[in-house]
Amino acid sequence: MTEAEPSNNSTVAKPRLGDYCDRGPDTKKVLDFLIDLPSRYPNQKHVFLSGNHDFAFAAFVGVLPEPQNGVSFKEGWKEYEESEDREGWYKGDGYENMHLQGRMWAGHIKERFNTIKGTEFKGSIYDAGPTFASYGVPHGSSDLLKAVPDDHKKFLADMVWVHEEDDVCIEDEEGIRHYKLIAAHAGLEEGKNVGEQLRFLKAKETHVPKIEALCGRKTVWDIPKELTEKPIIVVSGHHGKLHIDGLRLIIDEGGGFENKPVAAIALPSMKLVRDTDNLTK
């Protein structure tokens, strides 16, 4: 997450960088908290970016927009169908017209241990089990559609895939500098026209089975060259790391691990704030 310093609290947006579900024991309570923020702090600008986990949750409960080019979600399964058996894609009620990520999210992965993270899978490749449990239903159950309240579904439907701020300040040894900022959960792809990427993300084009700006890794790690020439801040979460390289800010120190802190970065000072900090001092 990026935060404005107190002096700018009412004028600068606070982009939350996504993955509000699956990353702790009580997704339901997290969404209640986030939904309540605009009413608690009405003078602040609140921006909720979709993470890949949130996108998949939205896909499962049926609140993604329909593909705009006339194809069905089912068309997107073909590209990754060789992984269906290993990942145990969801085949319950409503799967016939479900986005691939929703099927993966609610599936039952055959492997028990995630060798990349060094932890056991929690139900699916997305570790969605705790989210189902927070709503009081078993992992992979279609009962989740009824258990998720309407305001949570609206929150999932309304999340943005990208956010832009035209005047964001960063303080360095030479003083205050003004930049444009682009926030996307995973980042922007290198080698693709940035304007086209932004149009795609703002339109929420759902015909693509895997959206790199939400799901990508190596392809979205760096700032696209065309933005380094501007220059423009690109801020993301997703990657399970804290990585600050010039104007590329990746703020995901927690990464879903129980023993790692949740972090935010405050601008313009670039000060890191963690949930483990003692802020009363």
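The values are calculated or read from the model by the stated rules, or taken from the named source; none is laboratory data. All values reported here derive from a predicted model rather than from experimental measurement. Please note: Cβ atoms are built from the backbone with ideal geometry, for glycine as well, and neighbour counts cover all protein chains shown.
Residues of segment 128-141 being surrounded by 14 or more Cβ atoms within 10 Å (Cβ to Cβ) and over 22 Å from the mean Cα position of the chain (by Cα), which ones? Matches in segment 128-141: V137, S141. Please determine, by comparing only the residues of segment 259-281 that are charged (D, E, K, R) and in a strand (DSSP E or B), which one is surrounded by the fewest Cβ atoms within 10 Å (Cβ to Cβ). Across segment 259-281, the extreme among qualifying residues is K271.
Checking each residue in segment 17-67 for being surrounded by 24 or more Cβ atoms within 10 Å (Cβ to Cβ), farther than 20 Å from K241 by Cα and polar (S, T, N, Q) picks out only T27. Looking only at segment 221-236, count every residue that is touching a residue at least 24 places away in the same chain (Cβ under 8 Å) and in a loop (DSSP other than H, G, I, E, B) and tell me the total. Count: 6.
In segment 62-83, the residues that are in the same structural domain as V208 (by TED's automatic domain parsing) and over 21 Å from F155 (Cβ atoms) never reach a residue that is loosely packed, with under 15 Cβ neighbours inside 10 Å and modelled with pLDDT of 95 or more with C-beta atoms less than 6 angstrom apart, at least six apart or across chains.
Restricting L144, L100 to residues that are surrounded by 14 or more Cβ atoms within 10 Å (Cβ to Cβ), of a type in the set (A, V, I, L, M), farther than 22 Å from L31 by Cβ and touching a Phe, Trp or Tyr at 6+ places or on another chain (Cβ under 8 Å) narrows the list to L100.
Residues in segment 198-220 that are touching a Gly at 6+ places or on another chain (Cβ under 6 Å) and touching a residue at least 60 places away in the same chain (Cβ under 8 Å): 1 in all.
Can you confirm whether segment 191-198 contains a residue that is among the small types (G, A, S), in a loop (DSSP other than H, G, I, E, B) and not assigned by TED's automatic domain parsing to the domain that holds L227? No, because not a single residue in segment 191-198 is among the small types (G, A, S), in a loop (DSSP other than H, G, I, E, B) and not assigned by TED's automatic domain parsing to the domain that holds L227. With respect to the conditions (1) closer than 29 Å to A59 by Cβ; (2) surrounded by 14 or more Cβ atoms within 10 Å (Cβ to Cβ), K202 falls short on a single one, namely (2). For segment 73-127, which positions are within 22 Å of the chain's Cα centre (by Cα), at pLDDT 95 or above and among the polar types (S, T, N, Q)? Matches in segment 73-127: Q101, S124.
Given the structure, is G256 surrounded by fewer than 19 Cβ atoms within 10 Å (Cβ to Cβ) and in contact (Cβ under 8 Å) with a residue 60 or more places away in the chain? When the stated conditions are applied, G256 passes them.
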